[in-house]
1. Which three numbers, in whole Å and largest first, are the semi-axes of the equivalent ellipsoid of the range 7-93 derived from its Cα gyration tensor as √(5λ)?
2. Between helix 54-68 and the chain, what is the angle of the helix's C-alpha long axis to the longest principal axis, kept within 0 to 90° and rounded to the nearest 10?
3. Measuring from label point to label point, each 7 Å out along Cα→Cβ, what is the Gln292 to Asp55 span in nm?
4. Could you please report the charge total around Val122, scoring K, R as +1 and D, E as -1 over all other residues with beta-carbon less than 13 angstrom from its beta-carbon?
5. Mind checking the range 81-120 for trypsin sites (Lys or Arg not before Pro) that DSSP puts in a loop (not H, G, I, E or B) and that have at most 13 other Cβ atoms within 10 Å?
6. Let me check against my output: what whole-number percent is the relative contact order of the range 97-307, with C-alpha pairs under 8 Å and at least 6 apart?
7. Beyond 25 Å between alpha-carbons counts as too far, so tell me which of Lys110/Lys248; Lys255/Lys281; Lys165/Lys271 fall in that bin.
8. Would you mind getting me the FRET efficiency between Ser71 and Asp32? Use the beta-carbon distance for r and R0 = 30 Å, nearest 0.05.
Amino acid sequence: MDAQPVEKFGKYTLLRKIGQGGMAEVFLATADDAPVDTPPVVVKRLHQELERNRDAVDLFLTEADVTLMLSHPNVIRVYDSGEINNRYYMAMEYVHGKDLEQIFDRFSAKSHIMDPFAAAYVVMGVLAGLDYVHRAKTPSGRELGIVHRDVTPSNVYVSSSGNIKLGDFGVAKLVAVEGWTMAGSVKGKLGYLSPEQIGGQPPSQAIDLWAAGVILWELCAGQRLFVGDNELDVMLRIKKAKVPSLRKANKAAPKELEKILEKALHRKPHKRYPDAASFLKELSVFHAKAPQPFSEQLLVNYLMQMLS
């Protein structure tokens with residue numbers, strides 16, 4: 001916080017750049033009108049060279065429009081969005097912690113596999129966020145029918161207080177709002193796409209639940225689920241839903257969790273969990289059987305112990 005500000009941007013003081021992707025740059029920032037001792041925010045700003053790219057602007061504004069309507073403990077909150085000096089931006093909650101991609105890599109580097117009850121607890125947070133997002137409505141009560149389309153480890157954050165947050169709605173699809181759908185395009189990271197996406201079917205909320213299942217399998221197995229010699233090989237494996245038994249990958253994994261994943265990762269969508277609430281309920285029953293069920297603080301303590 002003592003570093004020199006990068007720049008003044010409207011009412012925001014950009015303190016330092018903390019990330020950059022193909023579409024936007026991300027800054028840690030403070031707002032001029034924020035009370036003293038208010039936590040910093042994150043300002044996500046579209047790359048300047050994309051400002052005249054209509055598709056890029058539409059994707060960026062879709063994320064802002066979607067997330068401004070959402071408010072849930074397991075979803076990263078967006079406070080503000082708009083345009084300053086011809087630059088599109090959004091200001092959102094800053095999550096002090098790590099994303100699941102970073103955590104998975106740290107576990108792998110230390111040859112550790114996450115405790116299955118800890119993994120279940122993390123994915124329960126993801127599912128709680130998805131349940132809210134999938135049922136979200138406009139202020140007038142109209143169902144939005146949101147499909148996140150990018151439920152991946154790098155978009156799931158574990159805060160330093162143990163809260164699980166789902167973020168990045170940049171490729172979300174809203175089936176109920178004309179003009180916000182992006183039919184005909186495949187979004188999301190390859191290893192987390194569902195068989196029906198690979199097959200070219202229109203995205204439904206089932207693909208988010210599939211991705212949550214892939215994340216759970218990977219955390220409990222200590223390895224990536226869909227890998228191959230090339231992208232085509234990976235896509236064929238996903239399309240055939242070649243999911244190895246969890247207990248084959250990790251003999252210590254509980255049988256009950258293996259059965260949950262067999263259902264969550266069934267090749268046919270109608271044989272999976274019908275919604276996030278159903279998946280969450282069954283995973284919660286499993287988690288409750290832990291010798292010591294995880295809480296936010298216990299998760300923090302566990303991760304600190306395993307990753308130190």
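We did not get these values from a lab; they are worked out from the coordinates using the rules stated. Given the structure is predicted, the values throughout are model-derived calculations rather than measurements. So basically every Cβ, Gly included, is an ideal-geometry build from the backbone, and we count neighbours across all protein chains shown.
1. On the way: eigenvalues 83, 53, 25 Å².
In descending order the semi-axes read 20, 16, 11 Å.
2. 80 degrees
3. 5.2 nm
4. Working: positive: Lys98, Lys165; negative: Asp99, Glu101, Asp115, Glu218, Glu296.
Residues close to Val122 contribute a combined charge of -3.
5. Details: sites: Arg87, Lys98, Arg106, Lys110; in loops: Lys110.
Within the range 81-120, the qualifying trypsin sites (Lys or Arg not before Pro) (loop, at most 13 other Cβ atoms within 10 Å) are Lys110.
6. Values: 314 pairs, mean separation 55.1, N = 211.
Computed over the range 97-307, the figure is 26 percent.
7. Details: Lys110/Lys248 21 Å; Lys255/Lys281 17 Å; Lys165/Lys271 27 Å.
Check vs 25 Å cut-off fails for Lys165/Lys271.
8. Values: r = 23 Å, r/R0 = 0.78.
Rounded to the nearest 0.05, the efficiency is 0.80.
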